[in-house]
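A short write-up of the structure that comes next.
The values are calculated or read from the model by the stated rules, or taken from the named source; none is laboratory data. This is a predicted model, so every value here is computed, not measured. Positions of Cβ are backbone-derived with ideal geometry, glycine not excepted, and every protein chain shown enters the neighbour counts. Ligands, DNA and RNA are excluded from the accessible area calculation, which covers all protein heavy atoms including side chains. Shrake-Rupley method; radii C 1.70, N 1.55, O 1.52, S 1.80 Å.
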Amino acid sequence: MSLNILVKIRTFETGIFRKAVSAHKSEWINLSRCLSTTMSRTMLKDSPNAALDKTLLNKYMELPQPDNKVQAKYIWIDGTGEGLRSKTRTLDFVPKHPSDLPVWTYDGSSTYQAEGGNSDIFLQPVAIYRDPFRKGNNRLVLCETFNPDKTPTKSNKRFSCNKAMDTVASSEPWFGIEQEYTFLDFDNRPLGWPKNGFPGPQGPYYCGVGADKVIGRDIVEAHYRACLYAGVNISGTNAEVMPSQWEFQVGPCLGIKGGDDLWIARFILHRIAEEYGVITTLDPKPVDGAWNGAGAHTNFSTKAMRVENGITEIEKAIEKLRKRHVKHIQAYDPNEGKDNERRLTGKCETSSIHDFSAAVASRNVSIRIPRGVAEEKKGYLEDRRPSSNCDPYSVCDALVRTCILNE
C-alpha cells in the first residue's frame, strides 16, 4: 500500500481533515470501496470461489436463450438429511405443474443413499419455483427421492409429512419457521471473527446496524430478494444474537408448503453464499461456550386455534406435546437429538433438552406462547426445540400427528 494511501487512511481515521473528506467525497468513497474489497479478499483468501472474477459470467448469462429451451434445476435432499444436491436438464417447454416434469434419476451411491451395484435413485418433482440465478423461464424443481423399488428413501421425510397434511387438511395447519444460520470463513470460524480471539460479548449484535456489529448483510439482502423472486413465502429477516449469525422466516404457509419453501430458501442461501466464497452452516451450536446456538423455531396453529378463544386449543396442544417430548426431540434434528443436545442446555435462550416447559413470552422454554396471543386469547404457539439443521418436514409432521391426529 502506498504512503499516499496510508496518509489518507490515517487522516480519515483521526478526523483531522473532515472538511477535505466532504470536498472530495467521490475520492473517499472509492478509497473506502477499495479498502472494503481488499479486506474481504484477505478474509476469504482461502476460498476459490471468492477469488473468481464474477463479472466474467455476465457476458455469457446475457446470451439470448432460445424460446423453446428451459433449464430446470432438480434439487433434492441427500442421505445425510441435511445436504442439498442439484443438477440441471433442458426442457422444450415451460412447466406449469410438477406433474408436467419428467421423473429423473441420479447416482445414490455418491449421495449416501445407495450401493454402487444398484445406485439409481428416482427424482420425483413435487414443487416448482422461478430460478433467481438463470431467470427468464428457467425453474428450480424440488424433488422427492425414491429407491429403485419406488419406496421413499430414508431421507425423504416429505412423503410421510404430505400424507399427514392430506389427512388433516380440514384443520388448516399453518407453519411459520424461523431459520437461524451462521456465516463461516474457510477456517470454519464465524465470518469476520478475530483469528486469534473472540469478538466482544453478545449484546449489540441482535438486529444491529454498523460495520462493527453486522457481518454479511450483502448476502442476506441478496437472499431475501432472490427468495421473493423465486416465489418462496419469505416473511422477514434479521441479524441474530451472535455476530455473523442471521435468521430468515418462512410463512405462514399452509400444510406441506412450509417445508417446501424452507428447503428451497436454504438452497438459495447456500447458492448465493457460494458466489461470495462464504460457507453457510446450519450447525445448532457452531461455537462452544456462552454464544447463542441456532434453531428453527416453528410457529404452529390450526383453524381452531386462530378463532375466538382459540387459546383453549393451544393449551390442549401444549399438553399433548408435553406427553410426547422425547419423540419430538428425536424428530427435531437429523441425528435424533444428538445435535440439539449441544444447543438445548437451558442457557443462551434455550430450554433443557431433558425437560418440557411452556410459558407466555419466555424464550427459555420448550413452547412459547407469544404475549400478543395470550392477550388476544387466540393465534399460535411457538415450538422452540427444533434445531437449525432440522428437516422441516419431520417437524411439521410431528406437530400435526401429535396435536391433531393424537398419535
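Per q in 0.12, 0.21 1/Å, what log10 I(q)/I(0) does a Debye calculation on the alpha-carbon atoms of the range 343-407 return?
-0.34, -0.97
Just to be sure I understand: with springs between alpha-carbon atoms less than 10 Å apart, which residue in ALA164, ALA230, ALA290 has the highest mean-square fluctuation in the Gaussian network model of the chain?
ALA290
So which residue, out of PRO132, PRO392, PRO148, gets the largest mean-square fluctuation from a GNM of the chain using Cα contacts under 10 Å as springs?
PRO148
Under a 5 Å amide H to amide H cut-off, with H placed in plane at 1.01 Å, what residues pair with ALA358 once short-range neighbours are removed?
Hits under the 5 Å cutoff: SER366, ILE367.
222 nm [θ] for the chain, helices only, -39500 (n - 2.57) per DSSP H run of 4+, per residue, to 500?
Dividing the helical sum by the residues of the chain leaves -10000 deg cm²/dmol.
Ignoring any ligand, DNA or RNA, what whole percent of the accessible area of the range 309-407 comes from carbon and sulfur when the probe is 1.4 angstrom?
Roughly 45 percent of what the probe reaches on the range 309-407 is carbon or sulfur.
Amide H to amide H under 5 Å from THR105: which residues, 5+ apart in sequence or cross-chain, H placed 1.01 Å off N in plane?
LEU123
Shape of the chain from its Cα gyration tensor (a ≥ b ≥ c, root eigenvalues): rounded if a/c is under 1.5, otherwise prolate when a/b > b/c, or oblate?
oblate
Suppose every Lys and Arg Cβ carries +1 and every Asp and Glu Cβ carries -1, with no other charges. What dipole size does the range 300-364 come out with about its Cα centre, to the nearest 20 debye? List each step's numbers first, then the result.
Numbers: 13 positive and 10 negative charges, 18 e Å.
The calculated dipole for the range 300-364 is roughly 80 debye.
Evaluate the Debye formula for the range 202-244 with equal point scatterers sitting on the alpha carbons, no solvent, and hand back log10 of I(q)/I(0) at q = 0.20 Å⁻¹, in q order, two decimals.
Ignoring solvent entirely, the Cα scatterers give -0.63.
Run the Debye formula on the Cα coordinates of the range 298-381, all scatterers equal and no solvent, and tell me log10 I(q)/I(0) at q = 0.27 1/Å.
Debye curve over Cα of the range 298-381, log10 I(q)/I(0) at q = 0.27 Å⁻¹: -1.28.
Using alpha carbons only, how many degrees (0 to 90, rounded to 10) separate the axis of helix 158-167 from the longest principal axis of the chain?
Value to nearest ten degrees: 50.
Just the ratio, please: alpha-carbon radius of gyration of the range 165-212 over 2.2 N^0.38 Å, N its number of residues.
Normalised Cα radius of gyration, the range 165-212: 1.99.
For the charge dipole of the chain, defined by +1 on Lys and Arg C-beta atoms and -1 on Asp and Glu C-beta atoms about the Cα centroid, which residue among PHE175, PRO392, TRP246 has the Cα displaced farthest towards the positive pole?
In the chain, that residue is TRP246.
DSSP loop trypsin sites (Lys or Arg not before Pro) in the range 56-115 with at most 16 other Cβ atoms within 10 Å of their Cβ, which ones?
LYS69, LYS96
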